[in-house]
1. Kindly state, to the nearest 0.05, the FRET efficiency for residue 228 paired with residue 160, given R0 = 30 Å and r defined as their beta-carbon distance.
2. How big is the C-alpha Rg of the chain next to the rule-of-thumb value 2.2 N^0.38 Å, as a ratio?
3. If I take all pairs of Cα atoms in the range 119-229, what percentage of them are more than 17 Å from each other?
4. Compute the normalised compactness of the range 14-204: alpha-carbon radius of gyration over 2.2 N^0.38 Å, N being the residue count.
5. Determine the dipole magnitude for the chain: charges of +1 sit on the beta-carbon of Lys and Arg, -1 on that of Asp and Glu, nothing else is charged, the reference point is the Cα centre, and the result goes in debye to the nearest 20.
6. Ranked by Cβ crowding within 10 angstrom, fewest neighbours first, how are 281, 47, 233 ordered?
7. Using Cβ counts within 10 Å as a stand-in for footprinting exposure, how do 66, 95 rank, fewest first?
8. Just need the relative contact order of the range 14-204 here, percent rounded to a whole number, with Cα pairs under 8 Å and 6+ apart.
Amino acid sequence: MGSGVHRRRGAVAIAIAITGAAGGCGDGDGFRFVPQGDYERLSDAGLYTDIETKTLAPDLTEYGVHSVLWSDGADKRRFLRLPRGERLDTTDMDHWELPVGAQLFKEFRRDGVLLETRLIERVADTGAERGEREADFWMGSFVWNEDATEATLAENGAPNVLGTEHDVPSADQCWQCHRGQPGGILGVGAVQLSHDRSDVAALEDFIDDRRLSEAPAFADARPPGNAVTAAALGYLHANCGHCHSDLGIARIDTDMILQVSVDADVPEDTDVHRTTVGVGLQYWDPVDGEFDYRVVPGAPERSGLLARMQKRDQFTAMPPFATEQVHDEGLDIVEAWIAGLPGDGP
């Protein structure tokens, strides 16, 4: 993740007992964790008050997402900690930013077994340009032991954790995806927080609990279109948009944008539609020459975007890392959208 990510080695996290804690989404009465950054063990990072019993800290907010990032079938939980009295910066409603001291955790399980927990923490505000804020964040992936009593930092990643096919990305790989958001965060935004789950926080909860610096005039920002279209746009937004964005690493090679803006009222207004439907391939040059366009309306079998999603070789796989298995359900979602696009294609 570069020189700015891991620092203050050996810093100790602090949990402070306080009284009169303000209410609201994720505030814990009588508990306050002060993040310090640079953790070797997950038990020091503040996710739990007791890691062996998996007792979560009371000042965390568990939230859900509209579209799940495919991770080879792993089940995930997501948690946010905001410093006391702080709010998410939503000045740009498409690109939210964490305040200094905020943390995001994501837990990965397969068949009920804990494998990995990732953490991104805002540690500084250097004033760097958007997309160049690596020094503002500490990112790390923690791999669980077999007894699930502790997880330790795997800065260089780890393949096939606990004998599964689950691969933990390296710190550098984490930043490759997260740099595509100005605030360095994925999943916490108006589009992704617009979901129907009642057991975890959604956009409406963040608004009601005054966790946003600027509350939107809407409480739902799902992608536009009918159910088929909205599902596909949401899937591409969650699984591809972090790299295929104005600041993402894929921007180096292609002008394809797969993020959905809250300002898009109809599917045709989205960058996804504008930069894929009827648009010729720009970077990928298939050896067999059977694909000429990113998306051919009504013809999934001729659409390069869908073909890349089906690949898992070293040079053409999309996504290019952090997954070994093709997501059949995701393919079905995108294929149904392309098949339903009007027109006979170019």
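1. Details: r = 36 Å, r/R0 = 1.19.
Result of the calculation: an efficiency of 0.25.
2. 1.00
3. That tail contains 68 percent of the Cα-Cα pairs.
4. Working: Rg = 16.0 Å, N = 191, 2.2 N^0.38 = 16.2 Å.
So the Cα radius of gyration is 0.99 times the expected 2.2 N^0.38 Å.
5. 680 debye
6. 281, 47, 233
7. Numbers: 66 27, 95 22.
So the residues, fewest neighbours to most, are 95, 66.
8. 20 percent
Where a number appears in this text, it was derived from the coordinates with a stated rule and is not lab data. For clarity, every value in this text was computed on a predicted model and none was experimentally measured. All Cβ positions, even for glycine, are placed from backbone atoms using ideal geometry, and neighbour counts span all protein chains on display.
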